[in-house]
Amino acid sequence: MAEVLVYVDHVDGAVRKPTLELLTLARRIGEPVAVALGAGAEATAATLAEHGAVKVLTADAPEFADYLVVPKVDALQAAHAAVSPAAVLVPSSAEGKEIAARLAVRIESGIITDAVDLEAGDEGPVATQSVFAAAYTTKSRISKGTPVITVKPNSAPVEAAPAAGAVEALSVSFSEQATGTKVTSRTPRESTGRPELTEAAIVVSGGRGVNGAENFAIIEALADSLGAAVGASRAAVDAGWYPHSNQVGQTGKSVSPQLYVASGISGAIQHRAGMQTSKTIVAVNKDAEAPIFDLVDYGVVGDLFEVVPQLTEEVKSRKG
Amino acid sequence: MSLRIVVCVKYVPDATGDRHFAEDLTVDRDDVDGLLSELDEYAVEQALQIKEAADDDAEITVLTVGPEDAKDALRKALSMGADKAVHVEDDDLHGTDVMGTSLVLAKAVEETGYDLVIAGMASTDGTMGVLPAILAERLGVPQVTLLSEVSVEGGAGGVVKGRRDGDTASEQLEASLPAVVSVTDQSGEARYPSFKGIMAAKKKPVQSLDLDDLDIDAETVGLEGAWTKVESATERPARTAGTIVKDEGEGGKQLAAYLAEQKFI
Ligand SMILES: Cc1cc2nc3c(=O)[nH]c(=O)nc-3n(C[C@H](O)[C@H](O)[C@H](O)COP(=O)(O)OP(=O)(O)OC[C@H]3O[C@@H](n4cnc5c(N)ncnc54)[C@H](O)[C@@H]3O)c2cc1C
Ligand SMILES: Cc1cc2nc3c(=O)[nH]c(=O)nc-3n(C[C@H](O)[C@H](O)[C@H](O)COP(=O)(O)OP(=O)(O)OC[C@H]3O[C@@H](n4cnc5c(N)ncnc54)[C@H](O)[C@@H]3O)c2cc1C
């Protein structure tokens, strides 16, 4: 059976959920071979094996942390040369997409980004994309070279599928470009203790209607009662009420949770671009004409300062 | 030597219009108004600020690959203050994917001459967000992308520095010129063209290039030469109308009851 390379997104050995989803998709096409780079690479193997990786190629070197993107491209290219895979799958993070794209140039392949589904096809894997702010669904495939496809988080279930997951050291020689862009300092993002926005099953977002940074406590309280991540519209972010890292939409994060709760958000096309593929959408807005109500499964026309705290209390009491 | 900046700008269908696909599954550009991709205005803005910081010792060329109407995008960038424009236009480019577009852009950037290429974070139609990285790969120069802050020190032979706010960390980056940069919408509001700027733009040079001028084989681009193939495009069915209730004092409880029924609680 053909092998499929899966690029592993991990933090010091802790595998992030989108990578496990990629393993599910990779198994539809062939046998997943994972590529894990940087500090903690070997520690990823156990989790990857549980989810179907037959092999885990690992490499660690200071270059992966000290320079931007290119060292990882060099490594993925080495893995491609070693395995000759039927496809290369990479998580659709900002960095993942850049790594995939540069690899595609080097191996003279086409690339499809931001797939939301993947199936095997007679002429290679067929990727589903959700485009034009989710107004259209396209199916595409790659017609030249080894298909390189990046996949959005929450596009497939995480499935247990025990496999060998044998660790093999990947030998990487860095290209001249590898040290081109130096990372001179790095400030890790502070953890909020809440689920990662793009990976969360539930996202609770606030917009301009929240009317102030301090009022976001109301949104956070609802999120915490549901075990959700917190999102914000660009209007709320631009006003300085919530960090940009929590922005949902075209120029923020794209989310596709089971449940999306929008409060005080009008539903502009650029916001919808980042949340319209959510399974269930509910909204609280005082304007019955707000476009967000065209998307919702359930909507409450009302003042969020009344409705949201009442909802939070009710969730808490129902959960006991 | 004066700093040569090339800003890559894309002409896109208006996102607030009714965007759709033509019969050959390429973007229908006839029925929807086009404009300069809003996210590329940030790239033009940063180029202008870098030029100002260099006491005007820089020349800004805006570059687009696109159909005839893409000139509108170039005019807008020129009216914001860019010095000149390059338009790569060729019927054989219809349907080109990112591999082909980047090939053409790389050749055009080299033809124009550059110390710094500045792009937007993503187009508002294709939204791939990968073209700048590919361009750096093709040109063989450093990639300093997705910056929310950018500055150049030391002119043409100097360095570019910037801040990249990633998923897990915020990073300070540095590279020697020549380099390819992309900037996000966090880099600073783009200026509006002034009346003077709009008038001046009419007199600024716009150079037209076709595939022959760039020595690119037509078979490597366009729909036929594409590395990817769109097999189908279907309109997403409208979401079935949801239940909308007016809050009469129990709105929060009603919503909770719905969420419980859907097993979210
Ligand atoms: C290139 C580009 C990229 C963009 N990218 C993004 C993006 O990534 N994400 C994004 O979100 N936007 C983005 N935008 C901006 C987008 O166009 C909208 O301006 C933005 O989404 C509006 O945010 P909002 O819904 O919070 O604010 P508004 O549109 O002002 O809506 C506020 C809503 O709150 C309601 N409201 C007010 N008070 C209350 C109350 N007390 N109770 C209940 N409801 C109340 C109002 O009725 C209104 O519907 C982008 C725009 C451009 C041009
Ligand atoms: C809905 C949709 C989905 C698509 N999916 C794919 C796909 O999966 N794979 C694929 O190969 N192609 C795809 N394409 C085609 C692709 O969008 C175009 O080839 C495009 O020129 C490059 O990609 P982008 O617009 O997404 O650029 P991005 O990578 O998002 O653009 C980043 C920056 O590059 C610069 N830039 C981009 N295009 C131009 C241009 N023509 N002229 C000057 N500067 C430019 C701008 O500065 C822009 O801000 C898709 C197109 C559409 C409309």
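The values are calculated or read from the model by the stated rules, or taken from the named source; none is laboratory data. All values derive from a computational prediction rather than experimental measurement. Please note: Cβ atoms are built from the backbone with ideal geometry, for glycine as well, and neighbour counts cover all protein chains shown. We work out accessible area using only protein heavy atoms, side chains counted, and drop any ligands, DNA or RNA first. Shrake-Rupley method; radii C 1.70, N 1.55, O 1.52, S 1.80 Å.
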Which cross-chain or sequence-distant (5 or more) residues have an amide H under 5 Å from the amide H of B:V6, H modelled 1.01 Å from N in plane?
B:T61, B:D115, B:L116, B:V117, B:I118
What's the FRET efficiency of A:N211 with B:D72 using the Cβ-Cβ distance as r and R₀ = 35 Å, to the nearest 0.05?
0.40
From DSSP H assignment alone, runs of 4+ in chain A each adding -39500 (n - 2.57), the sum over residues rounded to the nearest 500 puts [θ] at 222 nm at -8000 deg cm²/dmol
Accessible area (Å², per residue) of the protein assembly as shown, counting only protein heavy atoms and a probe of 1.4 Å
40 Å²
Helix B:38-53 sits off the longest principal axis of the Cα atoms of chain B, rounded to the nearest 10 on a 0 to 90 degree scale, by 40 degrees
Could you work out what % of the accessible surface of the protein assembly as shown is carbon and sulfur, using a 1.4 angstrom probe and leaving DNA, RNA and ligands out of the count?
46 percent
Using a 1.4 Å probe and counting only protein heavy atoms, how much accessible surface gets buried when B and A come together, both sides summed, in Å² to the nearest 100?
7100 Å²
Could you give the radius of gyration (one decimal) and Dmax (whole number) of the Cα atoms in chain B, in Å?
21.6, 70
Per-selection Kirkwood Rh - the protein assembly as shown (Cα, Å, 1 d.p.)
24.7 Å
Indicate, rounded to the nearest 5 percent, the antiparallel portion of the DSSP beta bridges found entirely in the protein assembly as shown.
35 percent
GluC sites (Glu not before Pro) restricted to DSSP loop in the stretch A:14-122 with at most 11 other C-beta within 10 Å:
A:E108
Chain B - mean residue ellipticity at 222 nm from DSSP helices (-39,500 (n - 2.57) per run, n ≥ 4, rounded to 500)
-8000 deg cm²/dmol
3J(HN,Hα) from dihedral phi, the stretch B:12-22, Karplus parametrisation 6.51/-1.76/1.60, rounded to Hz, x for glycine, proline
10, x, 4, 5, 8, x, 8, 6, 8, 9, 7
If you plug each phi of the stretch A:303-317 into the Karplus form 6.51 cos²θ - 1.76 cosθ + 1.60 with θ = phi - 60°, what whole-Hz ³J(HN,Hα) values come out, in order, with x for Gly and Pro?
7, 4, 5, 8, 6, 5, x, 5, 4, 4, 4, 5, 4, 4, 6
Tell me, which residues of the stretch A:132-175 get at least 20 Å² less accessible area when the other protein chains come in, versus the chain alone (1.4 Å probe)?
A:F132, A:A134, A:A135, A:Y136, A:T137, A:T138, A:K139, A:S140, A:R141, A:S143, A:K144
Reachable lysines, given that their alpha-carbon falls under 27 Å from the alpha-carbon of B:K203 and they are not under 8 places away in the same chain
B:K10, B:K51, B:K71, B:K76, B:K84, B:K107
Please quote Rg/Rh for the stretch A:56-184 to two decimal places, taking the Kirkwood radius as Rh and restricting both calculations to Cα atoms.
0.99
Point-to-point label distance, A:S171-A:R186, nm (Cα→Cβ direction, 7 Å offset)
2.7 nm
Phi-based couplings in Hz for the stretch A:145-155 (Karplus 6.51, -1.76, 1.60; Gly and Pro marked x):
x, 7, x, 10, 9, 9, 10, 6, x, 6, 8
Please list, ordered by chain and number, the residues whose modelled amide H lies under 5 Å from the amide H of B:M128; skip anything fewer than 5 residues away on the same chain.
B:S123
